[in-house]
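The next block holds one structure in the form of structure tokens; read it before the comments.
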Amino acid sequence: MQNTENHNEPKLNLEGFSEADLKRKAFKTPEGYFENLTPRIMENVRASEHVSAKPTFNWNRILIPSFGIAAIALTTWFFLPPTENTEPNFDMALASLSVEELTEYADLQPAELVSYELVSYNEITIEESTFSDEEIIEYLSTEDEIELNTLIDEIEI
Amino acid sequence: MTDDQDKDLLKRFRDPSSRNMAFRELVNRYQERLYWHVRRIVIDHDDADDVLQNTFIKAFKNLDRFREDSQLFTWLYRIATNEALTFLKKKRKNIFVSLDDVSYALSSQLESDTEVSGDAIQLKLQQAILTLPTKQRLVFNMKYFDEMKYEEIAEVTGTSVGALKASYHHAVKKIEAFVKQQF
């Protein structure tokens, strides 16, 4: 596969070193590595074939959407305004706190309190997902099939 | 387009009675090229071996779906590149969290690696290549060491030929500057 496609392309020019020097393999391999490689690869391929031939049930297909649904339910419950029956009793809640927890609360700076106390429930809106369950499951199950360019961007070194 | 030998190999692979023999032939034909391609990305021999094994396992599982509008070897290169980059990504997550980047770690590994040839210029060249951004590194390795055409590299990376030419040009200039600084 000799490359003759472009005479104008830049040539690596490192003074004092020929192309043959530069292209010589920089890495060593264990002795006899390539002689035993084909049988080793074929053995692994056969083993993987055996594993994938077993009828396996993919729990991720059930568990991952379940976690998602549970997370949505929990988030919804958390942000719902409390009803009369579930109105927390401030005194009881205070009594249940340890001295350490109360001290930690008292030590919070005003700026830190903002995120806890100054946000009104009414100001928070939850965006409705536009994805169907099937699309979410499909996305989660194809996690490994990441495009090469995405990988390059992510690993950028 | 797939060459005649590969076409014959694929035909035999699709026949269950000759499937394993055909795949063995494929492994035998491409293992060494793919190994060196992967080794230049992950540097360490054991890592390269793991990545290579996974590459062929994936190739075996997906070869039925291979469309012959590209060459078989560029399709294999694509899987190998994907596997090698995925491996580096996992390695970064597991080991290199506290380091600035993977290339620094790979470069250090290169100096201490007992499996690296003692030739100073080759070591410097590899270190220079490791300073390049990932895509330039891939393009340089495939163009310079594997002597692939831009069209073939484009099939592997999914990048336009024009962009690849620019990448290669920048890579060559950066490598020359790095090596000159070292000697």
Where only alpha carbons of the stretch B:1-101 are counted, the Rg and the Dmax (Å)
15.2, 52
Leaving out same-chain residues fewer than 8 places away, which lysines sit with a Cα under 29 Å from that of residue B:61?
A:54, B:7, B:11, B:89, B:90, B:91, B:93, B:135, B:143, B:149
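Tell me the net charge near residue A:36. Cut-off is 12 Å between Cβ atoms, residue A:36 excluded, with +1 for each Lys or Arg and -1 for each Asp or Glu.
Working: positive: A:40; negative: A:31, A:35, A:43, B:49.
The answer is -3.
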Go ahead and run the numbers for FRET between residue A:21 and residue A:66, Cβ-Cβ distance against an R0 of 51 Å, rounding to 0.05.
0.30
Per DSSP, the loop-located GluC sites (Glu not before Pro) within the stretch B:118-183 having at most 16 other beta carbons within 10 Å are B:147
Along Cα→Cβ, 7 Å out, is where each label goes; now give me the distance between the ones at residue B:145 and residue B:8 in nm to one decimal.
3.1
Determine the gain in length on full extension of the stretch residue A:8-residue A:49; use 0.36 nm per residue of separation and subtract their C-alpha separation, reporting nm with one decimal.
10.0 nm
Shape call for the stretch B:117-183 from the C-alpha gyration tensor, a ≥ b ≥ c root eigenvalues: rounded (a/c under 1.5), prolate (a/b greater than b/c) or oblate?
prolate
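Here, each number is a calculation from the coordinates, and none is a lab measurement. Everything numeric in this text was worked out from a predicted model, so none of it was measured. Every residue, glycine as well, gets a Cβ built from its backbone with ideal geometry; the counts of neighbours run over all protein chains shown.
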